[in-house]
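Q: Handing you this structure, nothing more for now.
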């Protein structure tokens with residue numbers, strides 16, 4: 001069919017082009033034809049970085065459901081890279097071979113996925129960057145305002161530090177150095193923390209892995225001494241779990257205030273138990289719904305003007321149509337009014353027998 005012939009030709013050209021000048025060639029205008037015009041059902045691929053509770057329980061089903069609500073005939077295939085860059089690169093290649101029309105891509109590594117993004121675009125595939133701004137010629141981006149995420153974390157940490165908010169010593173556990181979101185969160189946090197507290201140690205956490213955060217935190221505890229750590233800026237909930245495990249292994253009690261992000265169920269339970277001070281809720285439904293709307297519009301060759309509200313720049317591409325959503329800070333006092341009210345978790349899911357007494361104390365149960 002016409003689409004098959006066009007894709008095969010463009011994909012062959014992509015391989016030659018990529019070997020020569022990846023960025024310039026990938027961004028060349030007018031090379032790809034509009035999608036969604038062949039008469040075949042649009043095909044949308046969803047590439048997620050891992051199978052964490054967030055992606056498995058929220059993003060994946062929400063994206064798939066919304067795509068089918070907007071486009072009953074659309075075919076959707078979702079895969080997980082299990083934190084592996086090479087796996088996601090192979091999955092991208094497979095999606096190109098399958099001649100999908102649009103990819104929703106949450107990149108494991110935003111730089112390493114640049115070459116497959118160029119190949120996909122040259123094969124006529126439009127890409128919606130999801131949650132992380134991958135490099136290369138993408139067509140749209142949806143995420144949350146990362147600077148505001150960092151500011152919410154920093155402000156909450158200062159509140160938790162109390163009198164030590166002036167001159168206290170903290171450890172910063174940032175995300176992966178390869179993820180531009182990490183730098184975005186860090187800038188937002190530093191805009192609040194710098195000049196107020198002493199940053200005794202700061203780490204980038206390879207692959208956003210909790211076990212790497214655990215090792216980093218153990219090293220900080222050993223180098224500084226637990227009594228010299230008044231609080232910990234943790235970029236997300238997964239890192240917070242590794243940090244808390246390091247403090248427990250060092251028999252530190254009580255734990256210093258620790259931040260987080262993503263409002264994962266174990267993190268909400270740690271808020272209840274007092275092990276984690278706060279998390280940042282990034283309501284998954286608006287993000288998933290927006291990604292689906294962008295993908296369907298692109299698959300049908302329609303304008304994004306009625307969807308996007310911002311323009312952002314990546315290291316390779318300027319003025320990318322984008323939607324930046326608003327994050328929400330959550331402490332133990334906000335659980336009912338946020339994650340419970342929004343239907344993310346029920347009180348029963350949070351308040352398992354292990355947390356029954358803490359839930360009663362927090363006012364979640366009677």
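The values are calculated or read from the model by the stated rules, or taken from the named source; none is laboratory data. Please read these numbers as outputs of a predicted model, since none were measured by experiment. A quick note on method: Cβ atoms are made from the backbone with ideal geometry, for glycine too, and the neighbour counts reach across all protein chains shown.
Q: State all residues of the stretch 291-323 that are closer than 15 Å to residue 184 by Cβ, touching a helix residue (DSSP H, G or I) at 6+ places or on another chain (Cβ under 9 Å) and crowded, with 18+ Cβ neighbours inside 10 Å; if no residue qualifies, say none.
A: Result: 314, single match.
Q: Might you check whether a residue that is buried (at least 19 other Cβ atoms within 10 Å of the Cβ), free of Cβ contacts under 8 Å to residues at least 24 places away in the same chain and assigned to a helix (DSSP H, G or I) occurs anywhere in the stretch 334-342?
A: Within the stretch 334-342, not a single residue is buried (at least 19 other Cβ atoms within 10 Å of the Cβ), free of Cβ contacts under 8 Å to residues at least 24 places away in the same chain and assigned to a helix (DSSP H, G or I).
Q: A further question follows. Among (1) on the phi > 0 side of the Ramachandran plot; (2) surrounded by fewer than 19 Cβ atoms within 10 Å (Cβ to Cβ), which single condition is residue 263 missing?
A: Failing condition for residue 263: (2).
Q: Mind listing whichever residues of the stretch 70-87 are touching a helix residue (DSSP H, G or I) at 6+ places or on another chain (Cβ under 8 Å) and part of a helix (DSSP H, G or I)?
A: 70
Q: Out of 278, 217, I need the residue that is in contact with a strand residue (DSSP E or B) (Cβ under 9 Å, 6 or more places away or on another chain), in contact (Cβ under 8 Å) with a residue 12 or more places away in the chain, buried (at least 24 other Cβ atoms within 10 Å of the Cβ) and farther than 24 Å from residue 143 by Cβ. Which one?
A: None of the other options fit; the residue is 217.
Q: So residue 314 ticks every box in (1) in the same structural domain as residue 114 (by TED's automatic domain parsing); (2) over 25 Å from residue 339 (Cβ atoms); (3) in contact with a strand residue (DSSP E or B) (Cβ under 6 Å, 6 or more places away or on another chain) but one. Which box is left unticked?
A: Result: residue 314 passes all but (3).
Each row is one residue, and each column tells you yes or no for (1) out of contact with any helix residue (DSSP H, G or I) (no Cβ under 7 Å at 6 or more places or on another chain); (2) surrounded by fewer than 18 Cβ atoms within 10 Å (Cβ to Cβ); (3) at pLDDT 95 or above.
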site: 209; (1), (2), (3): yes, yes, no
site: 212; (1), (2), (3): no, no, yes
site: 232; (1), (2), (3): no, no, yes
site: 235; (1), (2), (3): no, no, yes
site: 251; (1), (2), (3): yes, yes, yes
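Q: Which condition number does residue 247 fail, the rest of (1) in contact (Cβ under 8 Å) with a residue 12 or more places away in the chain; (2) in a loop (DSSP other than H, G, I, E, B) being met?
A: (2)
Q: Could you say which residue among 123, 107 is out of contact with any helix residue (DSSP H, G or I) (no Cβ under 6 Å at 6 or more places or on another chain) and closer than 19 Å to residue 77 by Cα?
A: After ruling out the rest, the residue left standing is 107.
Q: Out of the residues in the stretch 67-98 meeting the condition of being in contact with a strand residue (DSSP E or B) (Cβ under 7 Å, 6 or more places away or on another chain) and closer than 11 Å to residue 42 by Cβ, tell me which one is surrounded by the most Cβ atoms within 10 Å (Cβ to Cβ).
A: If we take residues in the stretch 67-98 being in contact with a strand residue (DSSP E or B) (Cβ under 7 Å, 6 or more places away or on another chain) and closer than 11 Å to residue 42 by Cβ, then 67 is surrounded by the most Cβ atoms within 10 Å (Cβ to Cβ).
Q: From the list 253, 241, 303, pick out the single residue that is outside the structural domain of residue 218 (by TED's automatic domain parsing) and free of Cβ contacts under 8 Å to residues at least 60 places away in the same chain.
A: Just a single option satisfies the conditions, and that option is 303.
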